[in-house]
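The structure appears below as structure tokens.
The values are calculated or read from the model by the stated rules, or taken from the named source; none is laboratory data. Keep in mind that this is a model prediction, so the values were computed, not measured. Cβ atoms come from the backbone with ideal geometry, glycine included; neighbour counts cover every protein chain shown.
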Amino acid sequence: MFTITLVILSIFSLTIPSSSSDQQPQPPADVCIIGTGMAGSSVAHFLRQYSSSISQIRMFERHPIVGGRMATVTIGGETFEAGASILHPKNYHALNFTNMLNLKVKGPSASDSSFSLGIWDGQKFLFKTIDSKSKSPVVQYFVSLANSLRMFVRYGISLLKMTNFVEVTVDSFLKYYESKESRPIFKTVEDMLQWADLYNLTTQTLEEELTGLNYSPLLIQELITVITRINYGQSCKISGLAGAVSLAGSGGNLWAVEGGNWQMAAGLVNRSDVTLHLEEEIESVTNLQGFYELNSTKGNSYRCQVTVIATPLDELSIHFTPKVSTTERKLQHTHATFVRGLLNPAYFGLDTVSDIPELIGTIESSDLPFTCISILKEHNEKDMTYKMFSRQSLTDSLLDQIFSIRSETIRINWGAYPHYHAPEKFSRFMLDEEHLYYVNAFENAASTMETSAVAAENIARLIVSRLSGYQPLKLYGMKTSTLDLNLQHQEL
Ligand SMILES: Cc1cc2nc3c(=O)[nH]c(=O)nc-3n(C[C@H](O)[C@H](O)[C@H](O)COP(=O)(O)OP(=O)(O)OC[C@H]3O[C@@H](n4cnc5c(N)ncnc54)[C@H](O)[C@@H]3O)c2cc1C
């Protein structure tokens, strides 16, 4: 399906100027970046890495801290990820940032891999893995074997196909780490996805994709839906690509940055010699022929030759002159509710708390008030910290049914990620023909910390190439490329 032989590109185009006048040395440019999440901080990092002719980089953040959707929450004196929490082992930009910034990787603990899972339909558990509280590796091995068997009995051979589907997609994604010499600069998200053989996955839903691959309907309706609901708050009607990314986020060896993933953004901002404007919201961007004027809610005005929008525009009211056009997109809101207390077994038709699975996933049903509940920390058998996701805010009276003890509750309403559908439509990376760029156009492909970094790296290259007068590559050329992981790590 993902034929690598089709992936042909020119290694020559990068060095071809668009016209002779473009070869004049350019004066140093001022770049303004709106947003300090993974996308904005990565743009700053890659601009510094790829160009010495950027004079000043200003970054604007409406909140008092950097990181955006990478944020932590403190409940009962302990800190947990409140937004983006897990990274895939092949998220190489994030891995390289973590190493470069001397941050510590928090890997999965033995107990993470043996957590118990239950699939709840609102009335009963449709499926439950066996839970073992034993710390013995031998016992855990046999419990895990028994659980694999139980899953196999319920969902059949399709389970094995699921791994293959994810691996093929991840392999295609790895092309974005190829060396710059063999990797084009992309002006549009469509070109970027097509080059990596990922575009077709955005043209049909995950359900259509998997049904076409003869997956068992039960697997799609239950386990796969549980995963898409946990990771994107949506059903398997999301695009095949968002679905594959979501499934990749349910595999093994997932990791996070110890102390909080937001430290990647903080570290990149610190290292990139930027002027950081915290608590300064940009409310308008005006193209004044030759530069952009950015006006902030503090009444300040900034002139920038290049402006990068590194935040979803969908729920913002930044005023652009002239108007820019973006593809209409709705954000999926995920309400994250953090509770210190104890679940009520009676709510789940169970006798004891220990019978409740550590991760409760749910299927699509209009009756269900939440999408998942998981234990973040077991302080003791009567005192736990839980994280719940839901599409609507959870009322106190509902929480009082779900929990028998609730000593602290924190609610966060995230405009979390795009509401995915298929075929997916994309905004352009370039919002005009000059220097107004939009990193989050890529979020319609998939929204993750790593995809933000990958899109940001492309935008940084696009800016540098266009500032120096070189046109972005013509996409398809003559040479088949190969992945060079050694090169990739040195380069990053
Ligand atoms: C609940 C949840 C769970 C998730 N789980 C994962 C996960 O496990 N793994 C994963 O990889 N991804 C996950 N994601 C997705 C991930 O968080 C995002 O894809 C990624 O962090 C997006 O980064 P960004 O920089 O593009 O945008 P953001 O992080 O949203 O950054 C945009 C920044 O711009 C600022 N801003 C907006 N408008 C203005 C303005 N006018 N002026 C100044 N500043 C402005 C915002 O305050 C924000 O800080 C999750 C997201 C959520 C919400």
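ARG461 passes every criterion in (1) surrounded by fewer than 24 Cβ atoms within 10 Å (Cβ to Cβ); (2) away from the ligand (no atom under 14 Å from the Cβ); (3) closer than 29 Å to LYS387 by Cβ apart from (3).
Would you check if there is a residue in segment 27-41 being at negative phi, surrounded by 15 or more Cβ atoms within 10 Å (Cβ to Cβ), assigned to a loop (DSSP other than H, G, I, E, B) and at pLDDT 95 or above? Yes, segment 27-41 has at least one match.
Taking segment 304-336, which residues are among the small types (Gly, Ala, Ser) and more than 13 Å from the ligand (Cβ to nearest atom)?
First, pick out the residues of segment 304-336 that are among the small types (Gly, Ala, Ser): 310, 317, 325, 336.
Of everything in segment 304-336, just one residue is among the small types (Gly, Ala, Ser) and more than 13 Å from the ligand (Cβ to nearest atom), namely SER325.
Candidates in segment 379-399 are the residues that are loosely packed, with under 12 Cβ neighbours inside 10 Å and without any contact (Cβ under 8 Å) to a residue 40 or more places away in the chain; of these, the one that is farthest from ILE75 (Cα to Cα) is SER397.
Among the residues of segment 218-241, the one identified as more than 14 Å from THR334 (Cβ to Cβ) and under 13 Å from the mean Cα position of the chain (by Cα) is LEU241. On the basis of being more than 9 Å from the ligand (Cβ to nearest atom), within 23 Å of the chain's Cα centre (by Cα) and polar (S, T, N, Q), does SER301 make the cut? Taking the combined requirement at face value, the residue does not satisfy it. Summed over segment 265-308, the residues that are within 22 Å of TRP414 (Cα to Cα) and touching a Leu at 6+ places or on another chain (Cβ under 7 Å) give a count of 1. Scanning segment 218-252 for residues that are within 11 Å of the ligand (Cβ to nearest atom), part of a helix (DSSP H, G or I) and either hydroxyl-bearing (Ser, Thr, Tyr) or free of Cβ contacts under 8 Å to residues at least 40 places away in the same chain (or both) yields ASN231, TYR232, SER246. Of all residues being in a loop (DSSP other than H, G, I, E, B) and within 6 Å of the ligand (Cβ to nearest atom) in segment 439-458, which is farthest from HIS93 (Cα to Cα)? Just the residue, please. So the residue we want is SER447. Selection of segment 44-72 for residues being out of contact with any Gly (no Cβ under 9 Å at 6 or more places or on another chain), within 12 Å of the ligand (Cβ to nearest atom) and β-branched (Val, Ile, Thr) yields only ILE65.
Among the residues of segment 104-118, none qualifies, meaning not one is near the ligand (Cβ under 8 Å from one of its atoms) and over 30 Å from VAL153 (Cβ atoms).
Take GLY341 and tell me if it is within 16 Å of the ligand (Cβ to nearest atom), under 30 Å from the mean Cα position of the chain (by Cα), within 30 Å of GLY77 (Cβ to Cβ) and surrounded by 15 or more Cβ atoms within 10 Å (Cβ to Cβ). Answer is no for this residue. Within segment 261-281, which residues are part of a loop (DSSP other than H, G, I, E, B) and among the polar types (S, T, N, Q)? Passing the criteria: ASN261, SER272. Only one of the numbered conditions (1) in contact with a Leu (Cβ under 6 Å, 6 or more places away or on another chain); (2) over 30 Å from TYR50 (Cβ atoms) is not met by ASP191, and that is (2). Considering only segment 161-192, state which residues are closer than 14 Å to ALA455 by Cα and β-branched (Val, Ile, Thr). The answer is ILE185, THR188, VAL189.
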